[in-house]
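Trainee: Handing you a structure now.
Bear in mind that the values in this text are calculations on the coordinates, not laboratory data. Values in this document were obtained by computation on a predicted structure and should not be read as measured data. Backbone-built Cβ (ideal geometry, glycine too); neighbour counts: all protein chains shown.
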Amino acid sequence: MSVSATDRLRRSSLYFVSLLGLIATWQIAATVAGDPALLPAPLPVLTAMGGELIRGELLHHVGITLMRVLAAFVLAMSIGITVGVLMGRDRTVDGLLDPVLIVLLNLPALVVIVLAYLWIGLTEAAAIAAVTINKVPLVTVMLREGARALDPQFDALASIYRMSRWKRLRHILLPQLAPYIAAAARSGIALIWKIVLVVELLGRSNGVGFKIHLYFQLFDVKMVLVYAISFVLVMLCVEAFVMRPVETAANRWRSA
Amino acid sequence: MSDSAFGDRAVHIRIDGKRFGDTAVLGSIALDVASGRTVAITGPSGIGKSTLLRIVSGLDHDFEGEVRAPARISPVFQEPTLLPWLTALDNLTVVTGAGTEEAERVMQTVGLENKQAHYPHQLSLGQQRRLSLARAFVSNPELLVMDEPFASLDEQKADEIMALTRRLIEDSGVTAILVTHALAEARALGAETFHLSGQPATLTKGIV
Ligand SMILES: Nc1ncnc2c1ncn2[C@@H]1O[C@H](COP(=O)(O)OP(=O)(O)OP(=O)(O)O)[C@@H](O)[C@H]1O
Ligand SMILES: [Mg+2]
């Protein structure tokens, strides 16, 4: 217990040293550059961030982007888990969908986004669909791996005892897939929020990606940084306060 | 499902053939196990013992012939096959649908009365085996199917678990089919022994 406690303390202090180092490097680079229009120092960026926050602009756009991330995440995970498990458990489905999967995996994100906007129109649905389609293949591949690793003895047990579908799902299937779902969610959220910004840049009139595009056209580096950093911070919070606690809860039995 | 001519817990096996693709694994196999009797099936590795047991357990319907077995079947596998994310008690109740009191009673019978809240990885291998036996008996089974249940144990532990298994079988009056390649195990359970041999495999009575 005490070992893991000091270990955690050590890790979090290293975390802060690393963060401080990053900010210090930024400050030095800004001083050396000597041109606030090109690279503003940390403090002015923070001040500008406060200004945007008070005006309500920041939360509005960050909120919209976060909703898009959430929608695409839930869709991509649901579809990817379902298709991945079906492919991992059924050879016919696997053979049928594998070529489609390979094509989708190798399709550049930009192509998917442009086609979605062209075919569906410059709508919210197109934006969410484009992000989802980008993410589904990766979730599918990871969950197919998980489904292939399922223990057939557990299936035999469930069949002989005639466990209900719900019990099988909850107590046999999901716990075995949990590590794969966690890995897919982790890499998923990182990929999705990056793609959402591109989608917003190309065809939405709100959200962080839209704002970054706007300030890019105005050559306002400071405001680009304000929005970029704000969203990185939000995603770090999601990781720390949503993803990690869920993972810890799912893994509680391992450390019992 | 049960056939009155054979009694409530009897097993009636008439297999005409079982193949995997082009390979005929089982030939013609006829075996009746009377209610409450224990039968052992021995044979070399890869001969089809597990295949036969899967058919009897109702896990494999893709064969020629007919099998009649009771409805409530409990398996015991070579590995304890416990769900690692459930406590010992939940491993009994969630999987079999048995009640908590019944589960606690059976855990006491196998000597695990103070391990209810433990997860499987917190139990020794011997305790895991006893828990998997407890799971098999908690649902008040009519037929027990065991596939090499003592194979992964050292000699002393195997003797202990075999004695416990025999006692549980006798106390419950369950019909039992044991698959093993050790004749000593069959003897320890007081089982009538059959031997599986040939390609496709057929069944002969007694020791060969
Ligand atoms: N799902 C399957 N698909 C194809 N062949 C199979 C399958 N299951 C078993 N077999 C084959 O059927 C034969 C009998 O297998 P089985 O598992 O019943 O043997 P066993 O007698 O239980 O052997 P062991 O003592 O090693 O457990 C083997 O040759 C095996 O390769
Ligand atoms: Mg076998």
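Trainee: Which of the listed residues, B:Thr202, B:Ala184, B:Ile169, is farthest toward the dipole's positive end in region B:160-208, when Lys, Arg count +1 and Asp, Glu count -1 at the beta-carbon?
Mentor: B:Thr202
Trainee: Sticking with this one: Go through A:Leu104, A:Val74, A:Phe216 and say which Cα lies farthest out towards the positive end of the charge dipole of chain A; charges sit on Cβ, +1 for Lys and Arg, -1 for Asp and Glu.
Mentor: Checking the options against the dipole of chain A, the answer is A:Val74.
Trainee: What dipole magnitude, in Debye to the nearest 20, does region A:39-255 give about its Cα centre under +1 on Lys/Arg Cβ and -1 on Asp/Glu Cβ?
Mentor: Dipole of region A:39-255, to the nearest 20 debye: 640 debye.
Trainee: Mind checking which of B:Gly97, B:Gly21, B:Leu123 is farthest towards the positive end of chain B's charge dipole, using Cβ charges of +1 (Lys, Arg) and -1 (Asp, Glu) about the Cα centre?
Mentor: Result: B:Gly21, furthest along the dipole toward the positive end.
Trainee: Still on this model: If amide hydrogens are placed 1.01 Å from N in the peptide plane, which non-local residues have theirs closer than 5 Å to the one on B:Ile41?
Mentor: B:Leu178, B:Val179, B:Thr180, B:Phe194
Trainee: Further question: What spacing in nm lies between the two simple spin-label points modelled at B:Leu183 and A:Leu20, each 7 Å away from Cα in the Cβ direction?
Mentor: Result: 7.7 nm between the two label points.
Trainee: Something else now. Between the alpha-carbon centers of region A:197-231 and region B:89-148, tell me the distance in whole angstrom.
Mentor: One Cα centre to the other: 59 Å.
Trainee: Still on this model: Counting DSSP beta bridges in chain B, what percent are antiparallel, to the nearest 5?
Mentor: Roughly 50 percent of the DSSP beta bridges within chain B come out antiparallel.
Trainee: Here's something else I'd like to know. May I ask you to evaluate 6.51 cos²θ - 1.76 cosθ + 1.60, the Karplus curve with θ = phi - 60°, for each residue of region A:227-243 and list the ³J(HN,Hα) values in order in whole Hz, giving x for glycine and proline?
Mentor: Each residue of region A:227-243 in turn: 6, 4, 5, 4, 6, 4, 4, 4, 5, 5, 5, 4, 4, 6, 9, 10, 4 Hz.
Trainee: Using θ = phi - 60° and the Karplus form 6.51 cos²θ - 1.76 cosθ + 1.60, what ³J(HN,Hα) does each residue of region A:42-59 get, whole Hz, x for Gly and Pro?
Mentor: Once rounded to whole Hz, the list reads x, 4, x, 5, 5, 4, 4, 4, x, x, 5, 5, 5, 5, x, 5, 4, 5.
Trainee: Using +1 on the beta carbon of Lys and Arg, -1 on that of Asp and Glu, and nothing else charged, what's the dipole of chain B about the Cα centre, debye to 20?
Mentor: Magnitude of the dipole: close to 160 debye.
Trainee: How large is ³J(HN,Hα), in whole Hz, for each residue of region A:176-192 in order, when computed from phi with the Karplus curve 6.51 cos²θ - 1.76 cosθ + 1.60 and θ = phi - 60°, using x for Gly and Pro?
Mentor: The phi angles translate into 6, 8, 3, x, 6, 5, 4, 5, 5, 5, 4, 5, x, 5, 5, 5, 4 Hz.
Trainee: State the number of lysine pairs found in the protein assembly as shown whose Cα atoms come within less than 27 Å, restricting to pairs 8 or more positions apart or on distinct chains.
Mentor: 11
Trainee: Nearest 5 percent is fine: what portion of the DSSP beta bridges confined to the protein assembly as shown is antiparallel?
Mentor: Antiparallel bridges make up about 50 percent of those DSSP assigns within the protein assembly as shown.
Trainee: Follow-up. What does the charge add up to near B:His118, with Lys and Arg as +1, Asp and Glu as -1, over the other residues with Cβ less than 15 Å from its Cβ?
Mentor: So the environment of B:His118 carries a net charge of +3.
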